[in-house]
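Written out below as structure tokens is the structure these notes cover.
The values are calculated or read from the model by the stated rules, or taken from the named source; none is laboratory data. On a predicted model such as this, the values are computed, not experimentally measured, just so you know. Methodologically, a virtual Cβ is constructed for each residue, glycine included, from the backbone with ideal geometry; neighbour enumeration extends over all protein chains shown. For the accessible areas, the whole protein counts, side chains as well, though only heavy atoms, and no ligand, DNA or RNA atoms are used. Shrake-Rupley method; radii C 1.70, N 1.55, O 1.52, S 1.80 Å.
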Amino acid sequence: MPFKAASIQHPNDETRSPNATTTVDSANSPAFLVVTQGLKNAFEKIDRGGEAAVLDGEAVIFDGGGFNSEDDSSLSQDALVRQQLAIFRQVNEGPNADTEEIVELGFVWVLGRPRVFASDEVWGGPTTSGTSPTDLPWWKTAVVYQIYPISFFDSNGDGFGDLNGIASKLDYLKDLGVDVLWLSPIYRSPLADMGYDISDYQDIDPRYGTLKDWDNLLHGVHERGMKLIMDLVVNHSSDEHDWFTQSRSDKSNPKRDWYIWRPPKYDAAGVRHPPNNWKAVFQGSAWEYDAHTDEYYLHIYLPKQPDLNWDNPEVREAVYRMMKFWLDRGCDGFRMDVINILSKADGLPDAPISVPGDAYQHASIHFANGPRVHEHIKEMHEKVLSIGGDIVPDDLTLSEYDAFTVGETPFTHDAEELAAYVLPKNKELNMVFQFQVMDLDHAVQGQDQVPLIHKEWNLAQLKEIVTRWQTFKRDDGFWNATFTENHDHPRSVSRFGDDSDDWRVLSAKLLALFQVTQGGTQFLFQGQELGLKNFPRTWGIEEYKDVASQNYWDKVSAQRKEISGGKDVDMSDILNDFAKKARDHARVPMQWNPNPNAGFTKATPWMRVNEDYKAWNAERQAGDEESVLAFWKKVLKIRKEHPVLISGEYEEIAHEHEQIFAWIRRSNEEWTLTVLNFGKASATLQLSSDSRPWSDLKLEIGNYHSTGEVPIAGDAVELKGWECRLYISTNVN
Ligand code: GLC
Ligand code: CA
């Protein structure tokens with residue numbers, strides 16, 4: 001065989017799979033090339049950071065930090081243990097094989113745990129067509145399920161969901177087709193912003209359990225071949241974090257500079273003002289005055305969420321140490337909260353006036369995608385997350401973790417701006433959540449978006465956004481995070497579908513197909529798989545627990561009272577909007593069964609349960625082949641069976657159609673047609689009479705005909721109200 005096989009042995013490594021400790025026998029097994037530190041040195045030309053290189057036309061190898069006990073005998077045992085990264089490459093069998101056809105399957109042994117990653121796409125690489133699932137890294141094929149822990153399942157009857165509750169539902173998630181769980185924050189927190197205000201990053205809030213419970217949950221997740229990622233909230237901490245307590249205690253405290261403090265400004269009349277005019281996302285000034293030291297601190301969100309000062313290297317080191325704490329414990333990666341606002345504009349200048357007359361102005365122009373943000377994320381990657389980066393023997397870093405990263409990047413509409421976080425060559429994040437679809441129905445006041453107030457949207461706008469991102473910088477390896485719900489948005493069926501009794505099931509299924517047949521990593525939010533909808537308009541403001549809703553309500557009602565001279569004011573219009581737009585709709589308890597409180601808890605739930613749970617719950621849908629849940633399971637399975645849906649090229653058709661959204665996906669092996677009728681009225685899709693072999697297509701799944709292979713007959717597809725169909729053809733010639 002025309003390749004080298006090396007053995008990997010390590011005296012301290014008892015847990016490693018026995019296969020990994022023996023020399024690869026090229027006669028009987030697929031050929032492996034093991035990239036060791038020694039080989040790495042020999043192939044200096046190979047790019048750092050996991051990029052693939054083709055050598056001598058016979059093997060594709062990775063630059064990895066493996067070791068070979070002979071080559072690295074100078075390293076201490078301890079260092080070797082820390083360097084148990086070996087990358088195996090399966091290469092072609094014969095000298096004449098075409099290197100293009102190399103089967104690329106990689107295994108990485110990390111501290112004894114095998115991780116399959118595969119191919120030249122560890123960092124993305126060009127978004128290739130014609131791939132099989134094993135050609136893609138695991139995080140591209142993954143289905144991620146977001147859990148909002150406080151509302152998922154209460155195991156001990158106190159009204160709050162908890163870690164043991166999640167652990168008891170793992171089979172449900174596995175069965176659904178989930179690969180990765182993302183937990184919204186479960187760290188110690190006063191819950192001023194539902195845990196996005198952390199007072200101890202390295203402990204679990206007692207409401208949710210203990211670190212031991214977390215270990216136990218992780219074990220259950222890994223045992224089922226799934227992964228667990230945590231929410232990393234490091235733009236700000238809680239004001240109850242010890243770092244902040246110290247910071248505010250004294251101007252000379254060593255942690256003073258860990259947050260962003262500035263002296264007041266005084267006007268001519270001697271009245272004290274904040275250092276600039278920035279408005280907080282949750283209303284009011286973005287600065288809070290602290291009388292104790294006579295200075296203000298910056299909080300882009302609540303006063304209870306002071307912004308950390310990322311310009312301070314000690315802050316960054318502390319965050320990296322904390323990330324390693326979780327990764328070393330076995331966490332598989334992070335969703336990074338508002339990661340694009342870590343760096344603020346130099347000098348913290350006033351924001352431009354977008355709403356004249358308001359004391360405070362929307363300031364994301366000065367805090368989103370700021371001057372040093374990419375520097376910080378690159379550093380984070382290099383020091384914590386990278387695969388195949390430098391190995392620093394005395395400091396457990398880097399390449400041991402094959403960590404998943406998705407950044408939350410709000411306030412950004414320029415695609416180029418977001419590309420910088422994602423493009424593989426930049427080595428920052430695997431993907432980001434961009435919010436253009438989510439922003440579609442936000443009202444606009446002045447130049448500001450007001451997410452809690454509803455605005456009409458139309459299909460042409462949706463098409464434009466989806467198509468832009470599905471085709472965006474594919475050749476450079478841009479990769480999408482595809483989602484239609486999360487804990488910050490109302491339910492998708494109430495928003496983009498039709499949640500009335502007649503159309504709810506159909507439109508929820510249509511939205512499932514809408515999401516799953518788009519390229520990218522898939523994200524589902526708890527309850528989305530059941531077609532859960534917003535809670536009703538009849539609920540009063542007292543049912544809205546989110547501080548974003550409460551603060552907006554208080555602000556508007558105060559303004560109106562001022563005008564009315566203190567008399568009662570009509571707020572029904574605001575409630576109309578909240579019924580459509582509040583974050584609260586995503587945060588009510590999960591609907592498990594028809595028992596009291598939807599089976600979520602035996603106590604009084606922390607938030608009221610939606611009223612439709614007797615008919616709309618997981619148990620009932622699990623026993624119904626026609627349910628939204630059953631449909632999600634099927635489409636997630638289809639996506640895995642047809643990788644063209646994960647990474648194939650995208651082409652929109654019938655762009656001008658006002659009601660039908662349709663697109664083609666294509667790879668070297670297959671092509672698909674997604675057809676979605678966004679409305680109650682029936683509609684016809686006229687297929688072009690170009691050379692496309694439409695009749696090769698077979699119906700794979702739809703929400704009216706759930707089975708049967710129905711080819712496209714003739715040149716038109718007739719769709720009933722909210723009908724969706726996915727056609728697949730394996731004929732690409
Ligand atoms: C993110 C979270 C949101 C939170 C905010 C402040 O947008 O998703 O829930 O309120 O950050 O941390
Ligand atoms: Ca509980």
Region 463-479 residues near the modelled His655 label - backbone nitrogen below 18 Å, point 7 Å along Cα→Cβ
463-474
For Leu524, list long-range residues whose amide hydrogen, built 1.01 Å from N in the peptide plane, is under 5 Å from its own amide hydrogen.
Val144, Tyr145, Gln146
Whole Å is fine, so just give me how far the alpha carbon centre of region 438-463 lies from that of region 400-435.
23
Let me check I have the definition right: for region 181-323, take the eigenvalues of the Cα gyration tensor, multiply each by 5, take square roots. What are those semi-axes in whole Å, largest first?
34, 15, 12
At a 10 angstrom cut-off on C-beta neighbours, averaged per residue, how do the peptides 322-333, 474-485, 509-520 rank from highest to lowest?
509-520, 474-485, 322-333
Potential extension, Phe325-Glu669 segment - 0.36 nm per residue separation minus Cα distance
119.5 nm
Quick one: which residues, 5+ away or cross-chain, put their amide H under 5 Å from the amide H of Asp203? H built at 1.01 Å from N.
Arg188
In terms of the alpha carbon gyration tensor, root eigenvalues a ≥ b ≥ c, rounded if a/c is under 1.5 and otherwise prolate when a/b exceeds b/c or oblate, region 242-298 is oblate
Could you please report the charge total around Lys545, scoring K, R as +1 and D, E as -1 over all other residues with beta-carbon less than 12 angstrom from its beta-carbon?
-2
Computed FRET efficiency, Cβ-Cβ of Asp624 and Asp358, R0 51 Å: what is it to the nearest 0.05?
0.50
Taking R0 as 25 Å, what FRET efficiency do you get between Ala291 and Ser564 from their Cβ-Cβ distance, rounded to the nearest 0.05?
0.15
Spin-label zone in region 166-199 - amide nitrogen under 13 Å from a point set 7 Å from the Cα of Asp158 along the C-beta vector
188-189
Spacing of the two label points (7 Å from each Cα toward its C-beta) at Asp448 and Asp311, in nm
2.5
How much accessible surface area, in Å² rounded to 10, belongs to the heavy atoms of Glu651 with a 1.4 Å probe?
60
Just to confirm the filter: which trypsin sites (Lys or Arg not before Pro) across region 654-690 are DSSP coil and have at most 16 other Cβ within 10 angstrom of their Cβ?
Lys680
Suppose the chain between Lys265 and Lys602 were pulled fully straight at 0.36 nm per residue; how much longer would it get relative to their current alpha carbon spacing?
116.0 nm
Long-range amide H partners of Val432, meaning residues 5 or more apart or on another chain whose placed amide H is closer than 5 Å, are Gly407, Ala481
Quote the charge dipole size of region 242-298 about the Cα centre in Debye, to the nearest 20; the model charges only the Cβ of Lys and Arg (+1) and of Asp and Glu (-1).
120
Cross-link table Lys140/Lys640; Lys463/Lys533; Lys140/Lys637; Lys344/Lys425; Lys140/Lys344; Lys463/Lys680, entries beyond 20 Å C-alpha to C-alpha
Lys463/Lys533; Lys344/Lys425; Lys140/Lys344
In region 242-298, taking the dipole from +1 charges on Lys and Arg beta carbons and -1 charges on Asp and Glu beta carbons about the Cα centre, the listed residue (Trp258, Ala268, Gln246) farthest towards the positive end is Ala268
Burial-style ranking of 171-180, 147-156, average other-beta-carbon count within 10 Å with highest first, yields 147-156, 171-180
Tell me, in nm to one decimal, what length is gained between Asp696 and Arg272 on full extension, where the rule is 0.36 nm per residue of separation less the Cα-Cα distance?
145.3 nm
What nm value, rounded to one decimal, do you get for the distance between Asp475 and Ser252 when each label is placed 7 Å out toward the C-beta?
6.2
What order do you get for 578-585, 565-572 when each peptide is scored by the mean count of other beta carbon atoms within 10 Å, highest first?
578-585, 565-572
With +1 on the Cβ of every Lys and Arg and -1 on the Cβ of every Asp and Glu, the dipole magnitude of region 306-379 about its Cα centre, in debye rounded to the nearest 20, is 260
Which net charge results for the neighbourhood of Leu513, defined as the other residues with beta-carbon distances under 14 angstrom from its beta-carbon, given Lys and Arg at +1 and Asp and Glu at -1?
+4
